[in-house]
């Protein structure tokens, strides 16, 4: 029997199950994982004004600015979109209504000099109802900035006002690290590298369309 189990473990590997189905597991394992209790996504369109200093000691030093001039805008490199729970109202069955502050870090670039930038964090509130038992963390790190269009809306002495219209796909998850019992075939053993590998697993589905 031990030889049969050993042989079975050698031939089982990651990939698609055969037409006749996967063989039965050989063990039950306890693993520690981040369990997603609930999740949702929604596209949010917002507009914000911000002031950027100009001139010799400003954020934008080079060039002149006029009303209607486009200001390049993008998500700040290395800074994900985040959310903070500011209020939680428990309902029934471990569900809760969460009031979130969503923070979108963006970088504005001087159109006259690409090396001159100004970092801003645009925020807005959002209310969602999700399964959120005690102890879960609310995660929005998979959210994406779909677009950000900014223009100069006013020119002052040493400052410009920049108006930004932006759209965010907000992905909200309630997550908790738990211990789960799962069926197992044992440990994964890497196969030798080959020039022409087999079937690659599909990419995860997109959150927003």
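Values quoted throughout were computed directly from the atomic coordinates according to the rules given, and no laboratory measurement underlies them. The model shown is predicted, which means the values in this text are computed figures rather than measured ones. Virtual Cβ from ideal backbone geometry, glycine too; neighbours counted across all protein chains shown.
Once the Cα atoms are used to define both axes, helix 2-11 deviates from the longest principal axis of the chain by about 40 degrees. Separation of the range 140-196 and the range 67-104, taken as the distance between their Cα centroids, equals 12 angstrom.
Computed packing ranks the peptides 102-109, 179-186 as 102-109, 179-186, most packed first, by mean other Cβ atoms within 10 Å.
Remark: relative contact order (the range 38-171) = 36 percent; criterion is Cα-Cα distance under 8 angstrom and separation of 6 or more residues.
What shape does the range 124-209 have by the C-alpha gyration tensor, where a ≥ b ≥ c are the square roots of the eigenvalues, rounded means a/c under 1.5, and otherwise prolate means a/b greater than b/c and oblate the rest? Oblate, since a/c reaches 1.5 and b/c is not below a/b. Mean-square fluctuations from a GNM of the chain, with a 10 angstrom spring cutoff on Cα atoms, peak among 191, 137, 154 at 191. Its Cα gyration tensor gives the range 30-89 an equivalent ellipsoid. The semi-axes, each the square root of 5 times an eigenvalue, are 40, 16, 12 Å from largest down.
In the range 1-120, the alpha-carbon atoms span a convex hull of 285 Å³ per residue. So what does log10 I(q)/I(0) come out to for the chain at q = 0.11, 0.14, 0.18 Å⁻¹, using the Debye formula with one equal point on every Cα and no solvent? Debye intensities relative to I(0), on a log10 scale: -0.77, -0.95, -1.18. Using the rule -39500 (n - 2.57) for each DSSP H run of four or more residues, divided by the residues of the chain, the 222 nm mean residue ellipticity is -1500 deg cm²/dmol.
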